[in-house]
Amino acid sequence: MPSDQLQQIVCCFGQPVAGNPTQYMMEKAFARAGLDWRYLTLEVPPEGLADAVRGLRAMGFQGGNLTIPHKVAVIPLLDRLTPAAEMMGAVNCMIREGDQLVGENTDGKGFVQSLRELLDPAGKKVVLLGAGGAARAVGIETALAGAAQFTVVNRDPGRGETLAKLIQEKTNVPTAFVAWQGDYAPPPDTDVLINCTSIGLNDPSGRVPVDFNTVPQTCVVADVVFNPAETLFLKAAKARGCKALDGLGMLVNQGAIAFRRWTGVEPDTGVMRDAVEEFLEA
Ligand code: NDP
């Protein structure tokens, strides 16, 4: 491929995840931008992470992504964190700046960017289902975007309470915790309802236990799960008359933020979205 850019490599350290389209999406975006770059997906066990990061530095990679189980464990191996990654205590993206490796978290920023296409979260009441890594990133960034109030709903009370406390302490946005038992009925004044659990991932019949009868039609209902794009949760939201936001936009936007940080070039997000859809349909 003709290119005036030196070849560079970025990578993803993690466990193999069925149906992860990131490599395909990134390589299509590099090609579109005329960059002779490569994106490698590398299986790294927890005990190999420190060596893998040393290798990334030694080989001069431009950066990388991290998936489960490395998002927290990588922190002491980096030179510094961005303020948002520091608040979340989780990193999904590494960027080489000179001889430094910087930890960033692009998941929540990617989510907020897609949410803004339907609604500005400023002043809104948000219900967050789940308290894992995705919920942490989405919660902190939505709070930083000006949300007025949060309710964190989670099956494991310890994890749920920890996330509610984190959002409140780091962002000063009032945050309540509700233990999830049976079908959860969101408050009737909910503006944004977000599924941040893994229910429905690679499982079109996976049902998120929510009673939609109390959800107002003005509520925007979002799912972070991107495979399938139209989850049962989003189908139920549409049947209720709500606007629905799928997890593909978040996936594309978080990748686009990483792409910009690594390359300094604006990616074609249309090409990225097409690549993800093509990958998931194959
Ligand atoms: P974690 O394992 O960290 O957290 C999973 C969460 O789901 C926990 O809160 C867990 O609850 C909850 N959960 C799982 N099964 C059930 C169940 N049967 N009933 C109730 N709660 C349940 O995962 P992540 O946060 O990293 O990922 C969550 C989802 O987000 C995944 O599907 C992932 O693919 C997606 N994601 C999407 C991105 C995108 O760009 N669109 C980016 C990042 C992630 P508990 O604490 O009780 O166990």
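The values are calculated or read from the model by the stated rules, or taken from the named source; none is laboratory data. Just so you know, these numbers come straight off a predicted model, no measurement behind them. Here the Cβ is made from the backbone with ideal geometry for all residues, glycine too, and neighbour counts use every protein chain on show. Areas reflect the complete protein model, heavy atoms only, side chains present, ligands, DNA and RNA absent. Shrake-Rupley method; radii C 1.70, N 1.55, O 1.52, S 1.80 Å.
State which residue is most open to solvent (accessible area, probe 1.4 Å) when the search covers only region 74-84 and only residues that are modelled with pLDDT of 95 or more and of a type outside the set (Lys, Arg).
Filtering first and then ranking leaves Pro76.
Could you figure out which of (1) farther than 30 Å from Phe279 by Cβ; (2) more than 10 Å from the ligand (Cβ to nearest atom); (3) free of Cβ contacts under 8 Å to residues at least 40 places away in the same chain; (4) open to solvent by less than 50 Å² (accessible area, probe 1.4 Å) isn't true of Val221?
With respect to (1) farther than 30 Å from Phe279 by Cβ; (2) more than 10 Å from the ligand (Cβ to nearest atom); (3) free of Cβ contacts under 8 Å to residues at least 40 places away in the same chain; (4) open to solvent by less than 50 Å² (accessible area, probe 1.4 Å), Val221 is out only on (1).
List the number of the failed condition for Leu40; all other conditions in (1) modelled with pLDDT under 95; (2) within 16 Å of the ligand (Cβ to nearest atom) hold.
Among (1) modelled with pLDDT under 95; (2) within 16 Å of the ligand (Cβ to nearest atom), the lone unmet condition for Leu40 is (2).
Is at least one residue of region 233-242 in contact with an Asp or Glu (Cβ under 8 Å, 6 or more places away or on another chain) and surrounded by 22 or more Cβ atoms within 10 Å (Cβ to Cβ)?
yes
For region 141-159, what are the residues that are crowded, with 24+ Cβ neighbours inside 10 Å and within 8 Å of the ligand (Cβ to nearest atom)?
Asn154
Considering only region 245-267, state which residues are more than 14 Å from the ligand (Cβ to nearest atom) and open to solvent by 20 Å² or more (accessible area, probe 1.4 Å).
Hits for region 245-267 are Arg260, Arg261, Thr263, Gly264, Val265, Glu266.
Within region 233-268, track down each residue that is within 19 Å of the chain's Cα centre (by Cα), free of Cβ contacts under 8 Å to residues at least 60 places away in the same chain and closer than 20 Å to Val10 by Cβ.
If the condition is that a residue be within 19 Å of the chain's Cα centre (by Cα), free of Cβ contacts under 8 Å to residues at least 60 places away in the same chain and closer than 20 Å to Val10 by Cβ, then Arg260 is the only one that fits.
Taking the condition of being open to solvent by 80 Å² or more (accessible area, probe 1.4 Å) and closer than 16 Å to Val127 by Cβ, how many residues in region 169-215 meet it?
Selection size over region 169-215: 4.
Can you name the number of the only condition in (1) touching a residue at least 60 places away in the same chain (Cβ under 8 Å); (2) more than 12 Å from the ligand (Cβ to nearest atom) that Thr197 fails?
So the condition that Thr197 fails would be (2).
Based on what the data block shows, is Phe279 assigned to a strand (DSSP E or B), within 16 Å of the ligand (Cβ to nearest atom), open to solvent by 50 Å² or more (accessible area, probe 1.4 Å) and among the hydrophobic types (A, V, I, L, M, F, W, C)?
In short, no.
Quick one: in region 113-140, which of the residues that are open to solvent by 10 Å² or more (accessible area, probe 1.4 Å) and over 27 Å from Gln181 (Cα atoms) is nearest to the ligand (Cβ to nearest atom)?
Step by step, filter region 113-140, then rank; the result is Gln113.
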